[in-house]
Structure formats: structure tokens, C-alpha cells
Amino acid sequence: MFTREMKLAEAVQVNLNTLNVVIRFGIKLGFGDKSVQRVCEEYNVNTDFFLEILKAYHDPNYFPQKHLQSFSVKEIVEYLRKTHRNYIDDEIPYIEYHLNQMLRGCSYAKEIGLVHNLFTEYKQELFKHLSWEDEKIFPYAESIEKAFVGGQGSASIKEVISAYSMTNFLEDHDDIESKLYDINTLFIKYLPPVKEQQLCLKILKNFSLLESDLNNHSRIEEKVLAPKVIEMEKQLLTRI
């Protein structure tokens, strides 16, 4: 398992998919033989938080909920926001680019177009979901932590929590990963035998990687951020 003394290059080579996590913390490639702790110190990153996120993304069975909840809402939200930007600016455009490549000059344009259209609909739904979290959920979570740390407990806080709490978030949180799985299944089962098999494999791998990443992302929101904020809400209400 990953440790602070381990060379970051070796940690990444254990599972190259964790590179997404590294990049989201603002850490750039070229860390040489520096340890995880050394690199985190250079980039002003909380080493413990970095390691826990790295472990959670590497091993689906590893999820230290209580340990991750020991970190501040601000740290958790900052990472989640960066993940959103990565989806919007990099992951989704990358898949779209390869779908467009396959669509050009393909003799099965109708079938490829169907997958492309489904993915476009999914993208719009995903971006709407991410925007909802960025504009409503994350600011709310940060405001609750600010009130909690500041020792506040007032009628206004009660009104805010009554209007919308993180319990509502858990009820409203859509299963955006399963829809991507459905598109992936459609692609595998019903796509005609096109010539661009390597391009098909590349698209399928990126579908799978994105689905896995979204699952990890949702776990952090539902198992770490939401319970942490809900507990703060409860304690704030007792102060009134």
C-alpha cells in the first residue's frame, strides 16, 4: 500500500490510473525519485489526504470513511471541484474527440451516430449534475463548516438547514455512473464490426475508466462529505 516514504513515481506505476488523482492535486509529472511526502510538501498538498484519496482510487475495497472524514470540508470540496474540472475540460472532450474520429467516413455512421448522440445526452446530464453540486451543494457544505468552526448556532442557521440539508442531497443524488455503463454495453453488444477496432478499444477503455472514476467520486461525496456535513448540522441545531 502507498506510504509517505514511497517514491511517488513508484506509487503511480503500481496503478497508472491514479495519475488522474495526482494531476487533480496540481502535481505535475517529472517528480523524479522524490518521495510522496517530498512532492506533497513542494506542492503544498496535505500528504495524509493525498495518500487516502490515492488508496481509495487504487483499491475499490479500501475506503476509510472515518479517516477521510477527519479532513476538513474545504479540503474535500476542493478536491471534488478539481475532479469536476477534469471531467469537463479533459475526460469528456477526450472521449468525444475519438467518437468524432470514428464517425468520420465510417460506413456505419448511423450506428456510431446513435452511440455519439447517447453520449452527448449523457454529457449534458452529467454537466448539469456537476453544475448543481458546484453551485449549490459545495457552497452549502462549506457554509455549514464555517458556522460549525465559528461556534455559531442561530435561528438563521436553523432556517438554512431546514430549507436544504445534506440528507436531501443523498436523496437527490443521481446515479450518473450506471447510465455510462448502459452506453458502454450498447457499444459492445450492437456496434457493427467496424475497421477501426483499435479506436473502438480506446473508446471502450475510456468509458470504463470514466465510469470507475465517477464511482469513486460519488463514494467520496456520499460516504465522506455528506455524513461529515450531516453531523455538523446536527451539532449546530443543538446550539440553538
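Of the residues making up segment 144-166, none is touching a His at 6+ places or on another chain (Cβ under 9 Å) and at pLDDT below 85.
Of all the residues in segment 124-178, those that are farther than 19 Å from LEU210 by Cβ, in a helix (DSSP H, G or I) and among the polar types (S, T, N, Q) number 5. Among residues that are crowded, with 18+ Cβ neighbours inside 10 Å and either at pLDDT below 90 or under 30 Å from ALA147 (Cα atoms) (or both), PHE63 is not included.
Scanning segment 8-37 for residues that are touching a Lys or Arg at 6+ places or on another chain (Cβ under 6 Å) and either over 14 Å from LEU51 (Cα atoms) or without any contact (Cβ under 8 Å) to a residue 24 or more places away in the chain (or both) yields a total of 1. Consider segment 7-47 and keep the residues that are charged (D, E, K, R) and either in a helix (DSSP H, G or I) or modelled with pLDDT under 90 (or both). The one that is nearest to the chain's Cα centre (by Cα) is ARG24.
In segment 155-173, of all residues being touching a residue at least 60 places away in the same chain (Cβ under 8 Å) and hydroxyl-bearing (Ser, Thr, Tyr), the one that is surrounded by the most Cβ atoms within 10 Å (Cβ to Cβ) corresponds to SER165.
So is LYS55 over 13 Å from the mean Cα position of the chain (by Cα), of a type outside the set (A, V, I, L, M, F, W, C) and modelled with pLDDT of 90 or more or not? Taking the combined requirement at face value, the residue does not satisfy it.
The values are calculated or read from the model by the stated rules, or taken from the named source; none is laboratory data. What you are looking at is a predicted structure, and each value in this text was computed from that prediction instead of being measured. Using ideal geometry, Cβ is built from the backbone for each residue, glycine included, and neighbour counts are taken over all protein chains shown.
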